[in-house]
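Student: I have a structure here, written as structure tokens, and I will follow up with some questions on it.
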Amino acid sequence: MSLIAFLIAGAIALAVAKILSIGQRESDLPPGPPTRPIIGNLLDFPLSKPYLAFTALKTYGDICSLKIVHGTIVILNSVEAVHHVLVTCNAATASRPDLYILDYVTGGFYLIIMKNESNWRTLRKAAMETMNAKAVEVHKPIQSAEAVQLLHDLLVDPQ
């Protein structure tokens, strides 16, 4: 067998191995239901009432995972698990994936999906100052006036 044929056979074997590894759970992920090659747990993903289906996954523990093709969904099935992941391990879980289109449209200032950087900390601090219990009390008269105005507008012109 020539060297070229040997290299082609090796490349094909590596490609097949890589394709079959798509959908497999990495060793550092929480446990979950067995995966299928390429699609992972796509057929296990609930299309209706996911909250019921996800609680059935408690057999794998309070923290479990589903592999959907290349993506991973981590499911937290208890208050303790949520506290552990979002509070205790917050440095490892605070970042967000890159959403290039939304970042371009918003100029990078969209608080919900921003990465944990200085801009995010500044915006979060401003949001927390305007949405705390004391600040909400200041806004109640404005909210009441706007609600009355909306009801008046609906009575006058329901269109």
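The values are calculated or read from the model by the stated rules, or taken from the named source; none is laboratory data. Bear in mind the structure is a predicted one, so any value in this text is a computation, not a measurement. Here the Cβ positions follow ideal geometry from the backbone for every residue, glycine too, while neighbour counts run over all protein chains shown. Ligands, DNA and RNA are stripped out before the accessible areas are found, and what is left, the full protein with its side chains, is counted by its heavy atoms. Shrake-Rupley method; radii C 1.70, N 1.55, O 1.52, S 1.80 Å.
Student: Give region 124-135 a look and list any residue that's open to solvent by 60 Å² or more (accessible area, probe 1.4 Å) and of a type outside the set (K, R), or say none.
Tutor: We begin by selecting, within region 124-135, every residue open to solvent by 60 Å² or more (accessible area, probe 1.4 Å); these are 124-125, 128-134.
Once the filter is applied, which keeps residues that are open to solvent by 60 Å² or more (accessible area, probe 1.4 Å) and of a type outside the set (K, R), region 124-135 yields M128, E129, T130, M131, N132, A133.
Student: Hey, can you tell me all the residues within region 136-159 that are of a type in the set (A, V, I, L, M, F, W, C), modelled with pLDDT under 85 and open to solvent by 70 Å² or more (accessible area, probe 1.4 Å)?
Tutor: Taking region 136-159 and keeping what is of a type in the set (A, V, I, L, M, F, W, C), we get 136, 138, 142, 145, 147-148, 150-151, 154-156.
Restricting the remaining residues to those that are modelled with pLDDT under 85 gives 136.
Passing the criteria: none in range.
Student: Kindly indicate the residue of region 56-87 that is within 18 Å of the chain's Cα centre (by Cα) and of a type in the set (S, T, N, Q) and also surrounded by the most Cβ atoms within 10 Å (Cβ to Cβ) among those meeting that condition.
Tutor: S65
Student: Just need a number here: residues in region 1-46 that are farther than 26 Å from T72 by Cβ and either in a loop (DSSP other than H, G, I, E, B) or in contact with a Gly (Cβ under 7 Å, 6 or more places away or on another chain) (or both). So that I can check it myself, show each step before the final result.
Tutor: Step one: filter region 1-46 for residues farther than 26 Å from T72 by Cβ, giving 1-13.
Subset that is either in a loop (DSSP other than H, G, I, E, B) or in contact with a Gly (Cβ under 7 Å, 6 or more places away or on another chain) (or both): 1-2.
Qualifying residue count, region 1-46: 2.
Student: State which residue is nearest to the chain's Cα centre (by Cα) when the search covers only region 88-105 and only residues that are in a helix (DSSP H, G or I) and at pLDDT below 80. Break it down stepwise before answering.
Tutor: First, pick out the residues of region 88-105 that are in a helix (DSSP H, G or I): 88, 90-93, 100-105.
Subsequent filtering for residues that are at pLDDT below 80 retains 90-93, 100, 102-103.
Details: N90: 14, A91: 16, A92: 14, T93: 10, Y100: 16, L102: 15, D103: 16 Å.
If we take residues in region 88-105 being in a helix (DSSP H, G or I) and at pLDDT below 80, then T93 is nearest to the chain's Cα centre (by Cα).
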